[in-house]
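To start, the structure under review is shown below, and the notes come after it.
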């Protein structure tokens, strides 16, 4: 019946599947991007003395990764790997690495260096000092940034489908192109609900991790 | 073991220590811009000695110790240990030297969010080789022997039951003893303690000084300790080195450091010296720990 919830959400099954695919893209991209950001943030932080070559190199690399818009990366990757989720995941991961890397590096720069001196004075290498003196101190804020990025990436993953990079974006692009307003609003509502769900989940995850370290 | 073997072993040990002692400083200097923090310090420290380095704030005591551990790079001069030039070390050699001369800091420098046991195990980092070092780096997986060593060290200073607590939950005195455990796990030959009791109340200060002396007497480790209080230095150390404006102005036994000598060296009486040290301690006392919710 026209006007009913069932009419509005008549393609819920396929949308839910596409949304699930989008969420998976966002999750994978966040994981890969945050992982790369973590590795680059230590040399990029100014206070750890990574060296005159490595420090600017890491900083410039992070800048390059976050300056180029995701959609441009997506177009390049669609051209390189073909139409599908892989291109979208890679594009979002690269941008995430750049954006998170800067925030991670700033977290590291805001950490006191007492523990760092402790580990270094005990004969610990630079890498060991990053792992033992810095990482435990910054882990909660790094996790917060990564989870926030997960929400942002869900939105990005919805849009990035516009260029053929998989997920619910392709469907959204289609209904916008055909001016199917009910469908547009239905899909947007589903995306917003998915972001709510991620927000609730990430809150629980964050508290568990922070509490678990005690 | 035959007599001849013992003699050979003694010879080896003597060679290892070097003919001229555990630690030798030759014209050691550190400049920060126009100021000279440490000014041509010459010092010979034989193995097993407990040396107290005293001086008012800004006398260069901290810079001196940090240079020995190479946390600070000397502007000129040499640090020798067993005839080996420490000033020239880098990479693996430098890390092994740092492992051999453990450092204890005024602010403890523990990793606040890590548990006490892992903090102590940080003393083992420089011992990791090959794939073991990867295991430690990725999963903080130290061997059972190392964990047992850490627990034994904690137990020695009455801290075994705190092993699984976060370092930030401990009092200052406890944290400093954890830092000493970390130092011991390095299996060092030398312990450099930079104002170890300057942020502690008198009772905890005594516990930490007792622990340092125990390490010196029982484990035979050479100890260099920076101190503010002349009384503490006299009570615990075999030898006192007094610094003023980066220079060594007195070097001798505690008995030789008479009140007249203090006055001659510092231009103030011993009471004034003690009052100054106490004021600094109060200023350095950490604020009560607050629980940060991220």
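A short reminder: the numbers here are calculations on the coordinates, not readings from a lab. Computed from a predicted structure; not experimentally measured. Cβ: placed from backbone, ideal geometry, glycine included. Neighbour counts: every protein chain shown.
Here the Kirkwood formula puts the hydrodynamic radius of segment A:5-212 at 18.4 Å, using every distinct Cα pair. Mean per-residue shielding of peptide B:231-243 is 0, counting Cβ atoms of other chains within 10 Å of each Cβ.
Put simply, the Cα atoms of the protein assembly as shown extend 103, 53, 46 Å along their principal axes, the longest span coming first. Of the residues B:276, B:96, B:145, the one that moves most in a GNM of chain B with alpha-carbon contacts below 10 Å is B:145.
Need one number: % antiparallel among DSSP beta bridges in chain B, to the nearest 5. Don't skip to the end; give the middle numbers.
Numbers: 19 of 36 bridges.
If I count the DSSP bridges inside chain B, around 55 percent turn out antiparallel.
Its alpha carbons give segment B:21-284 an Rg and a Dmax of 18.4, 59 Å.
Estimated purely from DSSP H runs of n ≥ 4, each contributing -39500 (n - 2.57), the mean residue ellipticity at 222 nm for chain B is -12500 deg cm²/dmol once divided by its residues. With the simple model of a label 7 Å out from the Cα in the direction of the Cβ, residue B:161 to residue B:75 spans 5.2 nm. Estimated translational diffusion coefficient (Stokes-Einstein, Kirkwood radius over Cα pairs, 20 °C, 1.002 mPa s) of segment A:125-214: 138 µm² per second. To the nearest ten degrees, helix A:135-160 and the longest principal axis of the Cα atoms of chain A are 20 degrees apart. Within the protein assembly as shown, antiparallel bridges make up roughly 55 percent of the DSSP beta bridges whose residues both belong there. For segment B:21-284, averaging the sequence separation of C-alpha pairs within contact (under 8 Å, six or more residues apart) and dividing by the residue count gives a relative contact order of 27 percent. Based on the Stokes-Einstein relation at 37 °C and a viscosity of 0.692 mPa s, and on the Kirkwood radius from alpha carbon pairs, segment B:118-213 is assigned a translational diffusion coefficient of 234 µm²/s. Its alpha carbons give segment A:81-176 an Rg and a Dmax of 18.8, 62 Å. Taking the 0 to 90 degree range and rounding to the nearest ten, how far is the long axis of helix A:12-44 tilted relative to the main principal axis of chain A, both from C-alpha atoms? Approximately 20 degrees, to the nearest ten. Averaging Cα coordinates gives a centre for segment A:169-185 and one for segment A:40-67; these two points are 41 Å apart.
Averaging the Cα positions of each part gives two centres, and for segment A:97-159 and segment B:155-204 these lie 27 Å apart.
Extent of segment B:174-294 along its three principal axes (Cα atoms, max minus min coordinate, largest first): 52, 34, 26 Å.
Sequence gap at least 6, Cα distance under 8 Å: using those rules, report the relative contact order of segment A:5-212 to the nearest whole percent. Can you show the working numbers first?
Numbers: 264 pairs, mean separation 57.2, N = 208.
The normalised contact order for segment A:5-212 reaches 27 percent.
If I histogram all Cα-Cα distances within segment B:18-89 using bins 10 Å wide from 0, what percent of pairs lands in each bin? Pair shares across the bins are 20, 54, 23, 2. Over segment A:38-131, the fraction of Cα-Cα pairs per 10 Å bin, rounded to whole percents and listed from the shortest bin up, is 17, 37, 25, 15, 6, 0.
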